[in-house]
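Reviewing the structure listed below.
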Amino acid sequence: MSVASATTAEKLVDRFGRVVDYVRISVTDRCDFRCVYCMEPDTKFVPRPQVLSLEELALISRAFVELGVHKIRLTGGEPLVRRNVVKLMEDIAGLPGLRELVITTNGSQLQRLAGDLKSAGVKRLNVSLDSLDPERFRQITRGGKLEQVLAGIDTARAVGFERIKINSVILKHRNHEEVVPLVRYAAERGLDISFIEEMPLGVIDDHDRAETYYSSDEIRRDLAPHFTLLPTAETTGGPSRYFRLVEHGTRVGFISPHSHNFCDNCNRVRLTVEGRLLLCLGQEHSVDLRCVVREHPGDIERVKQAIRDSMAIKPKGHEFTLTEQPVIFRHMNATGG
Ligand code: SAM
Ligand code: SF4
């Protein structure tokens with residue numbers, strides 16, 4: 001067996017026998033929106049010297065792929081506001097062994113960049129969209145322009161990605177009455193959609209998370225009179241549970257950290273833009289990969305060893321609770337949601 005094929009055969013396995021084959025990489029904690037559930041209006045961002053360079057991000061990505069990771073998601077903050085991010089995408093998409101490079105975006109830059117993303121090798125896009133009402137959209141995102149995002153989604157559809165999925169965080173009395181229009185919007189355009197229960201990451205002043213909690217089961221109940229949802233065993237390698245709309249074939253997913261814990265099947269880790277490898281979204285167990293890449297520039301073996309070693313501290317699961325203050329003080333934009 002060649003060295004290359006021996007390397008690609010390696011797998012990352014944690015103490016609980018879970019194989020980690022998916023990494024979500026935050027390429028920036030900065031964003032042009034300030035969504036009410038994600039960050040505060042006056043959020044302080046990571047000072048630039050502490051931010052991983054594109055070369056460091058590419059090296060760490062290669063290390064993961066050589067360790068058996070076959071799916072990488074670039075996220076943030078808003079990944080498309082990072083300068084030259086398309087070059088990073090090209091580098092990652094070309095890694096032998098990687099099956100899928102996917103992006104999560106707020107859609108604000110898609111009109112400009114969708115074609116470049118496709119050419120760079122991005123297969124699938126997740127676009128966040130919580131409301132189809134311009135004023136409500138502006139309020140939830142604290143300044144986002146709905147028409148810009150909808151035009152971005154149209155551009156992405158025209159470019160022809162394998163799949164585009166809408167992500168909607170649903171908050172009671174904020175946008176919960178939009179679940180039917182949002183599914184219609186997705187279905188009419190051949191898009192998939194996932195509904196996300198808000199997670200208690202970071203302290204936010206905007207609302208009380210227990211009061212705005214709207215469960216996946218409530219959403220399914222709201223959809224039931226309008227659509228026939230058939231459960232499926234389909235997975236895209238993430239935490240969504242999927243249903244198919246009999247009427248359209250659209251997939252409707254539910255990401256339900258509170259009502260349907262997904263930790264048993266966890267296959268993923270996250271890298272913050274500071275190079276902190278987070279072993280769990282809802283815990284602080286982490287390894288400092290920036291220190292490794294800066295002390296030994298270009299030394300991929302050291303990065304790989306640090307990643308292998310990190311498997312020993314991957315926690316069993318998150319301990320999200322709605323009734324107490326968050327135990328996780330980092331906000332989603334700093335996490336790589
Ligand atoms: N800016 C991009 C976007 O909005 O799609 C990518 C980063 S954003 C942090 C990734 C996803 O996390 C988005 O779908 C967003 O709605 C979701 N998100 C942010 N804060 C959240 C929270 N507290 N609970 C659940 N989902 C959250
Ligand atoms: Fe920005 Fe995405 Fe967070 Fe909204 S959810 S503030 S778009 S990073």
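The values are calculated or read from the model by the stated rules, or taken from the named source; none is laboratory data. It should be emphasised that the depicted structure is a prediction, and the values quoted were computed from it without experimental measurement. Here Cβ is always computed from backbone atoms with ideal geometry, including for glycine, and neighbour counts include all displayed protein chains. When the accessible area is computed, the model is the full protein with side chains, heavy atoms only, and any ligands, DNA or RNA have been set aside. Shrake-Rupley method; radii C 1.70, N 1.55, O 1.52, S 1.80 Å.
A few comments on the model shown:
- One residue stands out in segment 314-328 among those that are open to solvent by 60 Å² or more (accessible area, probe 1.4 Å) and at pLDDT 60 or above: the one that is farthest from ligand 1 (Cβ to nearest atom), namely LYS316.
- Looking across segment 135-144, the residues that are within 14 Å of ligand 1 (Cβ to nearest atom) and either touching a His at 6+ places or on another chain (Cβ under 6 Å) or open to solvent by 10 Å² or more (accessible area, probe 1.4 Å) (or both) come down to ARG142, GLY143.
To keep it simple, each residue is scored yes or no on (1) of a type in the set (Phe, Trp, Tyr); (2) farther than 27 Å from ASP21 by Cα; (3) touching an Asp or Glu at 6+ places or on another chain (Cβ under 8 Å).
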site	(1), (2), (3)
VAL46	no, yes, yes
PRO79	no, no, no
LEU88	no, no, no
LEU101	no, no, no
LYS118	no, no, no
GLU135	no, yes, no
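- Some residue of segment 170-177 being within 15 Å of ligand 2 (Cβ to nearest atom), buried (at least 18 other Cβ atoms within 10 Å of the Cβ), assigned to a loop (DSSP other than H, G, I, E, B) and of a type in the set (Lys, Arg): yes
- Annotation: of all residues in segment 1-49 being polar (S, T, N, Q) and modelled with pLDDT under 95, the one that is farthest from ARG142 (Cα to Cα) is SER2.
- Filter result for LEU74 (surrounded by 22 or more Cβ atoms within 10 Å (Cβ to Cβ) and under 30 Å from ARG136 (Cα atoms)): yes
- Screening the candidates LEU80, LEU98, LEU88 for the property of being open to solvent by 10 Å² or more (accessible area, probe 1.4 Å) and on the phi < 0 side of the Ramachandran plot yields one hit, LEU98.
- Residue list for segment 260-275, filter: open to solvent by 60 Å² or more (accessible area, probe 1.4 Å) and part of a helix (DSSP H, G or I): ASP264, ASN265
- Verdict on LEU230 being within 22 Å of the chain's Cα centre (by Cα) and either within 16 Å of ligand 1 (Cβ to nearest atom) or farther than 25 Å from ILE153 by Cα (or both): no
- One residue stands out among those in segment 276-293 that are assigned to a helix (DSSP H, G or I) and without any contact (Cβ under 8 Å) to a residue 40 or more places away in the chain: the one that is farthest from PRO49 (Cα to Cα), which is VAL292.
- For segment 148-169, the set of residues classified as within 16 Å of ligand 2 (Cβ to nearest atom) and open to solvent by 40 Å² or more (accessible area, probe 1.4 Å) consists of GLN148, LEU150, listed by residue number.
Residue by residue, here is whether (1) without any contact (Cβ under 8 Å) to a residue 40 or more places away in the chain; (2) in contact with a Pro (Cβ under 6 Å, 6 or more places away or on another chain) holds:
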residue	(1), (2)
LEU129	no, no
ASP133	no, no
VAL169	no, no
PRO200	no, yes
ASP208	yes, no
